[in-house]
Amino acid sequence: QIAECGACGPGYATPLDAMKGPREEIVYLPCIYRNTGIEKPDYLATVDVDPKSPHYCQVIHRLPMPNLKDELHHSGWNACSSCFGDATKRRNRLILPSLISSRIYVVDVGTDLRAPRIHKVVEPVELFWKGNVANPHTSHCLGSGDILISCLGDPSGNGKGGFILLDGETFEVKGNWENGGKVPPLGYDFWYQPRHNVLMSTEWGAPKVLADGFNPADVARGHYGRRINVWDWSTHTYLQAVDLGQGSIPLEIRFLHNPDAAEGFVGCALSGAVHRFYKTEKGDWAAEKVIEVPSKKVQGWLLPDMPGLITDILISLDDRFLYFSNWLHGDIRQYDISNTRQPKLVGQVFLGGSIAKGGPVTVVEDKELQCQPEPFVIKGKKVPGGPQMIQLSLDGKRLYVSTSLYSGWDKQFYPDLVKEGSVMLQIDVDTERGGLKVNKNFLVDFGKEPDGPVLAHEIRYPGGDCTSDIWM
């Protein structure tokens, strides 16, 4: 019935309708100067990705934040497909939480899509006082019109997996989403599925531990995550922890897009595993490992074993393919998930990484590759860093990739990335048989920005995308 309304709300009626949406013409990326040695504020870049445009692959607008060292990271919308049935709602504000300063910027993208402007700034003290949380990470809009943001910690920098609610009209902090005294020890990403009355959240690490770099000893000390946390969607109470093992560090979590589905996938950074999580016959939740990227034995690196470091994962809108990035090894993989219990590798491409030939690292034992991959060069530029954030076009045919993880870790693992700035790339996807191929004509080089090289992070399309929209 809703799908026939003349004046529908934002987004699309179903994920399959979204696949028929218009081709992306511009994208937004937060650009980070923290840890680069350049004393400038982070900014939101608008990039032209329309091949017919004279400004193709160029940054056409920059919106600087009013503060230094925010560490803009992930973004979300004030309204998305979760309020498709509400014709009073518009997707006209981008929510930009700052991972380190704990500020939340509300950006007006409705007045001029190509030249966003700041609408409101939520100061950190609001989160501290009203929610006793800090380090906001993932933001999702709710069908109720409010905005839900997961947090990594408390105001002192300790881990705490709490949430904050913003009013969708005024953007005031309403307080915590969660009820009851039980809160997970760590927080990071989340996804919700109202038809199964569930919200799932994941765990990165304690903010004061990860703020300036990664110390492997902190994993053994319990400062990094290992659980999927299960919440009751209607009562907002913490129900269950699904333990994925010591040192797994589960980051991005994705339900299948079909709102009836009671399963999805989570990528674990340090264990290099993807787990399928699912609802059991008893009605609780469980997980099984369905993909594993083996570590490589190496010399000339921080540790003798180099994990892939699965940092971002996403699922195509038709729930047919799963993609993820191995930030350290340097590849992106595409899996056919027609059978969700047995994903099949159908595409793989190397875009830099730590094991490229001619670098400081020698691979001494590799369960997957015959030889070290060639350095990745595009348009004459040797790309520093590795593939990290990914975003898929609505039709599933173009995968956009950026190379910065988080400034404190970029500086440690890829010092050249901080000096030269990150890039955005685009990969052509074979959606029939599977397969990935780099588009050699597409390069956005954030090393050439007016104020100096910058670290560009998450990619968003103005009309919503595979990782912003949740269907009710």
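The values are calculated or read from the model by the stated rules, or taken from the named source; none is laboratory data. No experiment lies behind these values; they were computed from the predicted model shown. Methodologically, a virtual Cβ is constructed for each residue, glycine included, from the backbone with ideal geometry; neighbour enumeration extends over all protein chains shown. Side chains included, ligands, DNA and RNA excluded: accessible areas come from the protein's heavy atoms. Shrake-Rupley method; radii C 1.70, N 1.55, O 1.52, S 1.80 Å.
Consider P415 carefully, then state whether it is touching a residue at least 24 places away in the same chain (Cβ under 8 Å) and not basic (K, R).
On the way: touching a residue at least 24 places away in the same chain (Cβ under 8 Å): no; not basic (K, R): yes.
No.
All but one of (1) outside any strand (DSSP E or B); (2) farther than 22 Å from D70 by Cβ; (3) acidic (D, E) hold for D451; state the number of the condition that does not hold.
Of everything listed in (1) outside any strand (DSSP E or B); (2) farther than 22 Å from D70 by Cβ; (3) acidic (D, E), D451 misses just condition (2).
What are the pairs, 6+ residues apart or on separate chains, where a residue within region 346-373 that is on the phi > 0 side of the Ramachandran plot and assigned to a loop (DSSP other than H, G, I, E, B) has its Cβ under 9 Å from a residue that is small (G, A, S) and buried (at least 20 other Cβ atoms within 10 Å of the Cβ)?
Filtered contacts from region 346-373: G352/G330; G352/G385; G352/G386; G353/G330; G353/G385; G353/G386.
For the structure I just gave you, tell me whether K120 is open to solvent by 10 Å² or more (accessible area, probe 1.4 Å) and under 25 Å from T235 (Cβ atoms). Step through it out loud before you land on a result.
On the way: open to solvent by 10 Å² or more (accessible area, probe 1.4 Å): yes; under 25 Å from T235 (Cβ atoms): no.
When the stated conditions are applied, K120 does not pass them.
How many of the residues in region 284-298 are open to solvent by less than 60 Å² (accessible area, probe 1.4 Å), over 19 Å from M200 (Cα atoms) and assigned to a strand (DSSP E or B)? Quick ask: steps written out before the conclusion?
Let us first name the residues in region 284-298 that are open to solvent by less than 60 Å² (accessible area, probe 1.4 Å), namely 284-288, 290-291, 293-296, 298.
When the remaining residues are screened for being over 19 Å from M200 (Cα atoms), the result is 291, 293-296, 298.
Then drop every residue that is not assigned to a strand (DSSP E or B), which leaves 291, 296, 298.
Total meeting the criteria: 3.
Being charged (D, E, K, R), surrounded by fewer than 23 Cβ atoms within 10 Å (Cβ to Cβ) and touching a residue at least 40 places away in the same chain (Cβ under 8 Å) is the filter here, so list the residues in region 221-253 that pass it.
The answer is R227, and nothing else.
On the basis of being on the phi < 0 side of the Ramachandran plot, touching a residue at least 24 places away in the same chain (Cβ under 8 Å) and either outside any loop (DSSP other than H, G, I, E, B) or surrounded by 22 or more Cβ atoms within 10 Å (Cβ to Cβ) (or both), does L113 make the cut?
Values: on the phi < 0 side of the Ramachandran plot: yes; touching a residue at least 24 places away in the same chain (Cβ under 8 Å): yes; either outside any loop (DSSP other than H, G, I, E, B) or surrounded by 22 or more Cβ atoms within 10 Å (Cβ to Cβ) (or both): no.
In short, no.
In region 123-144, what residues are open to solvent by 30 Å² or more (accessible area, probe 1.4 Å) and either outside any loop (DSSP other than H, G, I, E, B) or basic (K, R) (or both)?
Correct list: V125, E126, F128, W129, K130.
Find the residue count for region 145-171, including only residues that are more than 21 Å from R227 (Cα to Cα) and either crowded, with 16+ Cβ neighbours inside 10 Å or touching a residue at least 24 places away in the same chain (Cβ under 8 Å) (or both). Before the answer, list the steps.
First, pick out the residues of region 145-171 that are more than 21 Å from R227 (Cα to Cα): 145-147, 155-156, 165-171.
Checking the rest, the ones that are also either crowded, with 16+ Cβ neighbours inside 10 Å or touching a residue at least 24 places away in the same chain (Cβ under 8 Å) (or both) come to 145-147, 155-156, 165-166, 168-169, 171.
Qualifying residue count, region 145-171: 10.
Exactly one of these conditions fails for D218: (1) open to solvent by less than 20 Å² (accessible area, probe 1.4 Å); (2) in contact (Cβ under 8 Å) with a residue 24 or more places away in the chain; (3) more than 30 Å from L394 (Cα to Cα). Give me its number.
(2) is the only condition that D218 fails.
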